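Let me begin by presenting the structure, written as structure tokens, before commenting on it.
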Amino acid sequence: MSTIAAIATATGAGGIGIIRMSGKECFEILGKIFIPKNGKFSIEETPGYTIRYGYIINPQTQEKIDEVLVSFFKGPKSYTTENMCEINSHGGMVVERKILEQCLLNGAELAAPGEFTKRAFLNGRIDLSQAESVIDIINAKTDKEAKASVSQLQGSLSKEITKIREVLLDLMADIEASIDYPEYDIEETSYQKANDVLNQVKNKLVRLENSFQDGKILRDGVKTVIVGKPNAGKSSLLNIMLDEERAIVSDYAGTTRDTIEEFIKIHDVPLKIIDTAGIRHTEDKIEAIGVKKAIGLIEDADLIIAIFDISEKLEEEDFKILNLIKNKKTIILLNKCDIREKDTETINYMSKLNKTFIEASMRTKKGIDELYLTISKMFAINEIDIGKDTVITNIRHKNQIHKALESIDRAIDICLNQMPIDIIAVEIKQVLEDLGDITGDNVSEDIINEIFSKFCLGK
């Protein structure tokens, strides 16, 4: 493999910048552009996990580019298992790019996104699920999500998948023995054992697949859509939850015509909160597009916060909204309880619905604490024990587990119907392949390239 280099820190001004280099010629290239402060030294004799202080220079002109610290990592005990170095310079685009330029001019190639982690995977230091957890750690929005990603980086998912595959491989050995040596009359015993083992594996895979519901929340947040008629108080609620004037609030109906999306945390529950256009019939073509979009978002939402004016009788458009949210997890806010007399019929009707409703005021913030408490109870993030349970946060992993479960179910049906036992082996092989795609044991090059293309440069 060629020697690669890239800037590993984010673009922009900062205290330090890191330029990372990895490959067989890493130290040779470094020797051309790095001068230690206290004189010459032998890179070959420099032990790994050490830092040297000096200067990066232009070897053609001997001009000093920056004062740096260089970290040395010698393969195979490095991130990529290759010889590596990290040049710690002053932060800033100009200096970092000048140092990177010298690395490239003296023999290195510019690394592709995620290429350092890709090499760690290809060289066997980590498996594919661990590699994917690296980008999850970088993109983590909450402490729980970061903890789940770190757990996966440490191999929690890999270990579970490996144990399941080992059990299936043992079963495969028994099945193949019964096929190769039918004179020993072990086929009936193999059916019973196969059924028991397959059901045990199914239970473990079902638990992993179900954990994705928690994992999805940790990774993407609870998709929370605020709905209601115009002037119900939707944008005011958004501003309160964000603690800033994010949305325009006015007495004119139809002010919000498009969605406004923000990511927040309520009692450690991550919310992707979306303010929508007021749902009503309108002749305004632009507003009508916003209304249509609002209705479409209801279907995909994890949580609906529906706002109604507590002082008014329910109208046709209110009933339309209630019909749209009847099968969704919903919190109903009965707004404006502080400025107008409450409508008894509206309260009685809401109390008969199988929904949580809260009397609220966007002006005085009455009901907001109760809203937050209700959300935290609905999505009990603190009950997810990352240290004890493996939580699936990656949709690719969830899909592969689902495919494996389909093959397990077919194999169990084969056992129950006493079909030829070699057919079970076909389904088990498919399960092994599906689970192998998670860890990268038999994944295609196209999938590998797609995964690492999502990484940032320098990682």
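Rule-based calculations on the coordinates, nothing more; no lab input. Quick caveat, the model's predicted, so the values are computed rather than measured. Note that we place each Cβ from the backbone using ideal geometry, even for glycine, and neighbour counts take in every protein chain shown.
Just to verify a number: FRET efficiency for Tyr53 and Asn399, C-beta to C-beta distance, R0 = 41 Å, to 0.05? Present the calculation step by step, with values, prior to reporting the outcome.
Working: r = 49 Å, r/R0 = 1.20.
So, using R0 = 41 Å, E works out to roughly 0.25.
Cut-off is 10 Å between beta-carbons; in what order do Leu457, Leu432 appear when sorted fewest neighbours first?
Leu457, Leu432
In whole angstrom, how far apart do the alpha carbon centroids of region 386-428 and region 93-136 sit?
With region 386-428 and region 93-136 each reduced to a Cα centre, they are spaced 35 Å.
Extending each Cα 7 Å along its Cβ direction at Glu244 and Lys326, get the distance between those two points in nm, one decimal.
About 4.0 nm separates the two model spin labels.
Grab the beta carbon distance between Asn195 and Asn442, set R0 = 30 Å, and tell me the FRET efficiency rounded to 0.05.
0.70
Students often check this: by mean Cβ neighbours within 10 Å, which of 310-322, 1-13, 122-134 ranks highest, and how do the rest follow?
Result, highest mean first: 122-134, 1-13, 310-322.
Check every DSSP H run in the chain and write down those whose alpha carbon atoms cover 30 angstrom or more along the long axis and whose mean Kyte-Doolittle hydropathy is -1.0 or greater.
Membrane-span-like by this criterion, though nothing is claimed about a membrane: 156-180, 395-416.
Which of the residue pairs Lys223/Lys429; Lys234/Lys293; Lys292/Lys329; Lys313/Lys377; Lys202/Lys265 have a Cα-Cα distance greater than 27 Å in the structure shown?
Lys223/Lys429; Lys313/Lys377; Lys202/Lys265
For a label point 7 Å from the Cα of Ile16 along Cα→C-beta, name the residues of region 100-139 whose backbone N is under 17 Å from it.
100
Would region 87-147 count as rounded, prolate or oblate if I go by the C-alpha gyration tensor, calling it rounded below 1.5 in a/c and otherwise prolate when a/b exceeds b/c, oblate otherwise?
oblate
Only residues of region 85-112 count here: report those whose backbone N is under 18 Å from the spot 7 Å along Cα→Cβ of Lys32, or say none.
85-87, 97-111
How many angstrom separate the Cα center of region 33-78 from the Cα center of region 283-314?
61
May I ask you to compute the full-extension gain from Ala112 to Gln213, defined as 0.36 nm times their residue separation minus their alpha-carbon distance, rounded to one decimal in nm?
Full-extension gain reported as 33.1 nm.
For the modelled label position 7 Å from the Cα of Met378 along Cα-to-Cβ, which residues of region 290-315 have backbone nitrogen atoms closer than 18 Å?
Backbone N within reach: 294-309.
Of all beta bridges DSSP finds with both residues in the chain, what is the antiparallel percent, to the nearest 5?
60
In debye, nearest 20, what is the charge dipole magnitude of the chain about its Cα centre with +1 on Lys and Arg Cβ and -1 on Asp and Glu Cβ, if you could check?
Magnitude of the dipole: close to 1660 debye.
Subtracting the Cα-Cα distance from 0.36 nm times the residue separation, let me have the gained length for Arg410 to Lys285 in nm, one decimal.
Difference between extended and current length: 39.9 nm.
Specify whether the C-alpha gyration tensor of region 220-383 places it in the rounded, prolate or oblate class, a ≥ b ≥ c being the square roots of the eigenvalues: rounded for a/c under 1.5, otherwise prolate if a/b is larger than b/c and oblate if not.
rounded
Please find the FRET efficiency linking Glu67 to Val94, where r is the Cβ-Cβ separation and R0 is fixed at 22 Å, and quote it to the nearest 0.05.
Step by step, r from the Cβ atoms, then E = 0.90.
Could you give the nm distance between label points at Glu370 and Asn354, where each point is 7 Å from its Cα heading toward the beta carbon?
With each label point 7 Å from Cα toward Cβ, the separation is 2.3 nm.
Taking Cα pairs under 8 Å and at least six residues apart, what relative contact order does region 220-383 come out at, in percent?
For region 220-383, the relative contact order is 24 percent.
Of the DSSP beta bridges with both residues in region 257-338, give the percent that are antiparallel, rounding to the nearest 5.
Bridges in region 257-338 that DSSP calls antiparallel: roughly 55 percent.
Taking 0.36 nm per residue of sequence separation and subtracting the Cα-Cα distance, how much length would be gained by fully extending the chain between Lys77 and Asn123, in nm to one decimal?
Between Lys77 and Asn123, full extension yields 15.4 nm more.
Would you calculate, for the chain, the mean residue ellipticity at 222 nm contributed by helices, counting each DSSP H stretch of 4 or more residues as -39,500 (n - 2.57) and dividing by all residues, to the nearest 500?
Taken over the chain, the calculation gives -15000 deg cm²/dmol.
Does the chain come out rounded, prolate or oblate by the C-alpha gyration tensor, with a ≥ b ≥ c the root eigenvalues, rounded set by a/c under 1.5 and, if not, prolate when a/b is larger than b/c and oblate if not?
Because a/c hits 1.5 or more and a/b fails to exceed b/c, the chain counts as oblate.
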